[in-house]
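Student: Mind looking over this structure? Questions follow.
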Amino acid sequence: MRLALFDLDNTLLGGDSDHAWGDYLCERGILDPVEYQNRNDAFYQDYLAGKLDLNAYLNFSLEILASTEMAQLDEWHRDFMRDCVEPIILPKALALLEKHRAAGDKLVIITATNRFITGPIAKRLGVQTLLATECEMVDGRFSGRSTDIPCFREGKVTRLNRWLLENGYSLDDSYFYSDSMNDLPLLEQVTHPVAVDPDPNLRAEAQKRGWQVLSLRD
């Protein structure tokens, strides 16, 4: 079965779910709207510039999960899905997913954003297989730490290769759709790399290598 791999943020979504989660918490007064948002924005700019300290960001962003009961987190996430995620689901992204689904391809979302945020989004998009940065749980609640290899840059390749071995798939005739230069290591591994509404660095790289450039926002 052919694999169709998809980045999530700014690829299938017309925005960044990780950053939007922080904005949601600030807008509702759950977190300090000045201090948290400033730090969240700074981390996001580092991500766009390709210089994110992922461990520092995870320590920052997962703290709220550790300090909150699961029932409350689930309630917040339902509101977040309705108010913040639904408006940035791209119709052309849904059509692209359906095109691969109809072709009999195996759909996989592979994202650096943590599973708490992205699990319900993948379900909403109808994609059963999600590789994401994992949040450690201890005694039924989040610890505030990540676990396993973060699903970021070269970590995406490592996590995917392990999944391929465990599930009997290969990258023969495979697709990967992404907007970000951070995903160059994985884009180089697949048969059909596709730059989706790419950042300037990835756009230049895609043009240099003759990769397809696609917009889902037209």
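The values are calculated or read from the model by the stated rules, or taken from the named source; none is laboratory data. Being a predicted model, the structure only gives us computed values, none of them experimental. Using ideal geometry, Cβ is built from the backbone for each residue, glycine included, and neighbour counts are taken over all protein chains shown. Heads up: the accessible areas ignore ligands, DNA and RNA and are worked out on the full protein's heavy atoms, side chains in. Shrake-Rupley method; radii C 1.70, N 1.55, O 1.52, S 1.80 Å.
Student: What lysines could a cross-link reach from Lys92, if we take a straight Cα to Cα line under 27 Å and drop same-chain neighbours fewer than 8 places away?
Tutor: Within the straight-line cut-off, Lys92 pairs with Lys106, Lys123, Lys156, Lys208.
Student: Would you mind calculating the relative contact order of the chain from Cα pairs under 8 angstrom and at least 6 residues apart, reporting the percent as a whole number?
Tutor: Worked out over the chain, it gives 25 percent.
Student: Separate question: How much of the accessible area of region 17-86, probe 1.4 Å, is carbon plus sulfur, in whole percent?
Tutor: 46
Student: Report the full-extension gain for the segment Met1 to Tyr44: residue separation times 0.36 nm, less the Cα-Cα distance, to one decimal in nm.
Tutor: 11.9 nm
Student: Please give me, ordered by residue number, the GluC sites (Glu not before Pro) of region 1-100 that lie in loop per DSSP and have at most 15 other Cβ atoms within 10 Å.
Tutor: Glu69
Student: Follow-up question, since we're still on this one. Can you tell me the accessible area per residue over region 1-108, all protein chains present, probe 1.4 angstrom, in square angstrom?
Tutor: 47
Student: How much mean residue ellipticity at 222 nm does the chain get from its helices, if each DSSP H run of length 4 or more adds -39500 (n - 2.57) and you divide by all residues, to the nearest 500 deg cm²/dmol?
Tutor: Estimated from H runs of four or more residues: -13000 deg cm²/dmol.
Student: Determine the per residue accessible area of region 115-200 with all protein chains present and a 1.4 angstrom probe, expressed in square angstrom.
Tutor: Values: 3830 Å² over 86 residues.
Counting only protein heavy atoms, the per-residue value for region 115-200 is 45 Å².
Student: Determine the share of region 134-190's accessible area contributed by carbon and sulfur atoms, expressed in whole percent, with a 1.4 angstrom probe.
Tutor: 45
Student: Same structure again: Under a plain spin-label model, where a point goes 7 Å from the Cα along Cα-to-Cβ, how far apart in nm are Lys99 and Thr68?
Tutor: Simple spin-label model gives 3.6 nm for this pair.
Student: Follow-up. At a probe radius of 1.4 Å, what is the per-residue accessible area of Lys208, in Å² to the nearest 10?
Tutor: Surface accessible to solvent at Lys208 totals approximately 150 Å².
Student: Here's a follow-up. Tell me, what is the percent relative contact order of region 17-86, built from C-alpha pairs under 8 Å that lie six or more residues apart? Mind dumping the intermediate values first?
Tutor: Details: 25 pairs, mean separation 22.9, N = 70.
The normalised contact order for region 17-86 reaches 33 percent.
Student: Asp32 to Thr147: FRET efficiency via 1/(1 + (r/R0)^6), r the Cβ-Cβ distance, R0 25 Å, to the nearest 0.05?
Tutor: After rounding, the FRET efficiency stands at 0.40.
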